[in-house]
Amino acid sequence: MIIKEKSIKSYRGLENALRYVLTKGIDGTGEVMRRFVLGDKPFENALQSIENNMEEMSIIMENRIANMMGQYRANDRKRIHKRKGETKFYHSILSFHKEDRLTPQQLKQIARTYAKERYPNSMVVALPHFDRDHLHVHSLASSVEVGTGKTCYLTRKEFKEVKERMELWQDKHLNLKHSRVKHSNKARSLLKDAEHQLNLNGKLSEKQQMNMRLAEIYSRSTSEKSFFKALKKLNVYERNGEITGLQGEKRRYRLKTLGFSKERLEELNQSKLNNVTKSRLEQLKKLDKGRDRDIDRER
């Protein structure tokens, strides 16, 4: 599974996220997973009993969100350490390959397990979305633990360990073939965004195509100078005489945004990392060709 987490720094942000997650999942194919959220079951039952009455469903949904927001707000006010710009809530998205046909019950089990691993003492509302291209679970959690007032902040290393534990749990209990991700290999991080999205959707966006093109140049370069020399053959844009990024059809993409920060370019002299990048790039190309054939067959 691919796990991404975003910070929510306002009550309005949480309200919008709740509305999106709950409204999109209103089709009844997925069941809400709750932790430390009270009084929500009657709203869920009421929504399931109504058919073809969008006005009444909208009223019930807004009351449901208001009930949740009241509890999230009350819990957040018990925060011990307060600061400007603090993270109030977390929005996690757990994504799976479309060919791993998970049931609603399995997705709810995944949401419950992730909540225990990532924020065991926080308020949580989680719901799966069944999109055409892939399955994913949205999880909205309070950054403040219930009953303690402490925050559940994790360092990058600690969050990585959570991902690795979830991957082990997935292998043991679900045995998924297409949603496996190795979180521990730093050398593969160069191509990870393009690779992940290719696995999920079967095609690359403009940004991901640029990422892949830069990876090709990176794998052939022996120094930062040779990298920028090769880069000039592309549609680049400059600032103060230096190449800053690539020009897309409708927008510009900074090199850093595409995953090529100054620190990463300084790693060009590390031949071991470069060799791994070449290997992963070849694998990604083969996967891309295979996905193109699959898409043609679906059409």
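Laboratory data are not the source of any read-out in this text; all were calculated from the coordinates shown. Quick caveat: nothing in here was measured; it's all calculated off a predicted structure. For neighbour counting, all protein chains shown are included, and Cβ atoms are generated from backbone atoms with ideal geometry for every residue, glycine included.
Can you pull out the chymotrypsin sites (Phe, Trp or Tyr not before Pro) in segment 77-182 that DSSP calls coil and that have at most 14 other Cβ atoms within 10 Å?
Of the chymotrypsin sites (Phe, Trp or Tyr not before Pro), the ones in loops of segment 77-182 whose Cβ has at most 14 other Cβ atoms within 10 Å are Y153.
Can you give me the long-range amide H partners of S122? Hydrogens built in the peptide plane at 1.01 Å from N, cutoff under 5 Å, separation of 5 or more residues or another chain.
V146
Check L135: other-chain or 5+ apart residues with amide H under 5 Å from its amide H, H built from backbone geometry?
Amide H to amide H, under 5 Å and 5 or more residues apart or across chains, L135 pairs with F96, K98.
Per-residue HN-Hα couplings for segment 60-67, Karplus 6.51 cos²θ - 1.76 cosθ + 1.60 at θ = phi - 60°, whole Hz, x for Gly and Pro?
5, 4, 5, 5, 5, 5, 4, 4
Taking neighbour Cβ counts within 10 Å as the exposure measure, how do R101, R35, R156 sort from fewest upward?
Numbers: R101 11, R35 20, R156 7.
Ascending number of Cβ neighbours within 10 Å: R156, R101, R35.
List residues of segment 61-82, by number, whose backbone nitrogen lies under 20 Å from a label position 7 Å along Cα→C-beta of K150.
Hits in segment 61-82 for K150 at 20 Å: 75-82.
Exposure proxy check: E161, E145 ranked by fewest other beta carbons within 10 Å?
Details: E161 15, E145 21.
Listed from fewest to most nearby Cβ atoms, that is E161, E145.
Counting other beta carbons within 10 Å of each residue's own, what order do I50, I3, I93 fall into, fewest first? Could you put the intermediate results ahead of the total?
Values: I50 12, I3 20, I93 16.
Going from sparsest to densest Cβ surroundings: I50, I93, I3.
Could you give me the ³J(HN,Hα) list for segment 222-237, computed from phi with Karplus coefficients 6.51, -1.76, 1.60 and θ = phi - 60°, whole Hz, x at Gly and Pro?
Listing the rounded values in order: 10, 7, 4, 5, 5, 4, 5, 5, 5, 5, 5, 6, 8, 7, 9, 10 Hz.
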